[in-house]
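Input: a single structure, listed below in structure tokens.
Here, each number is a calculation from the coordinates, and none is a lab measurement. These figures come from a predicted structure and were not determined experimentally. Because the Cβ atoms are built from the backbone with ideal geometry, glycine has one as well, and the counts that use them run over all protein chains shown.
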Amino acid sequence: MYLAYLITQEINLLIDYIKSHELTTLDKILQYPLIKGITKKILNIFNMTQAELKKAIITNLTELGKDMLGRITSNLGNIISVLIDIVFVFLTVFFLLLDGPKFLNKIQDYMPFSKNQKEKLIKQIKDIIISTIYGGVTVAFIQGLIGGISFSILGIQSAVFWGLCMFFASFVPILGTFIIWGPAAAYLFLNGFILKGFILILIGIFIISMVDNILRPLIVKGKTKLPTILIFFSILGGIKLFGFIGFIMGPLILALFISLFEIFRYSEYKEKL
């Protein structure tokens with residue numbers, strides 16, 4: 001709830017900043033040699049003037065911010081629902097800690113699988129949960145946290161919001177968090193903050209990116225791995241269906257589905273033999 005409050009405040013500030021600095025900031029960006037060449041091609045393709053392009057960019061950025069703000073505030077505003085959810089969470093955790101092992105053993109008794117299949121299912125689920133939730137969500141959280149703190153120290157506005165964006169960007173294949181801190185570094189250079197730009201590049205390459213390259217292999221070593229893009233879409237689907245708990249539920253359901261699919265595929269393969 002506190003994170004949602006901070007993001008709400010920062011999106012408001014970001015919208016105001018875009019409105020107040022729209023011309024000067026966009027002019028600097030569009031005059032950059034590489035961007036200038038791309039802009040000319042876009043203008044020729046869509047038969048637009050530079051003024052129309054600026055207006056379209058500002059309008060879409062503002063609308064995106066308002067849409068995100070509306071979604072966050074609508075979910076945050078229902079305080080009674082949130083409090084009821086918290087009560088249910090505490091009750092569920094209490095009973096799972098009290099009777100969790102017995103409950104899991106009883107579920108195994110009702111599963112229509114052989115003993116070997118049950119053991120294999122449990123092992124696969126554990127491996128996939130570790131590789132997805134620990135290897136994916138935890139790494140993304142650490143990268144977003146480091147990125148948000150770095151943005152705050154370097155004086156970049158809306159650090160919490162950009163940290164959250166970096167969390168999601170962590171799941172994007174190949175580019176990852178670079179799609180957030182890369183343009184931020186370019187923004188610092190364009191506005192004359194050369195030292196800050198170099199510092200952000202160093203943090204991005206040697207700290208944020210290294211978290212993924214070092215921590216993830218250590219966590220998922222020897223475990224069943226899933227494509228990062230699948231984890232990304234499972235989190236998005238989980239959030240859409242379950243809300244914030246979808247960060248966990250999405251990958252968990254994906255892990256269960258793949259584990260059951262593997263068991264049935266293995267059984268069918270044995271029958272053919």
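Data for the structure
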{"quantity": "Projected area averaged over orientations for region 116-273, convex hull of C-alpha atoms, nm²", "calculated": "10.6"}
{"quantity": "Mean separation of Cα contacts under 8 Å, 6 or more apart, over the residue count of region 123-181: relative contact order %", "calculated": "29"}
{"quantity": "Electrostatic dipole magnitude of region 116-273 [Cβ: Lys, Arg +1; Asp, Glu -1; Cα centre; debye, to 20]", "calculated": "340"}
{"quantity": "When each of Lys102/Lys126; Lys55/Lys240; Lys102/Lys123; Lys41/Lys196 is checked by Cα-Cα distance, pairs over 26 Å", "calculated": "Lys55/Lys240; Lys41/Lys196"}
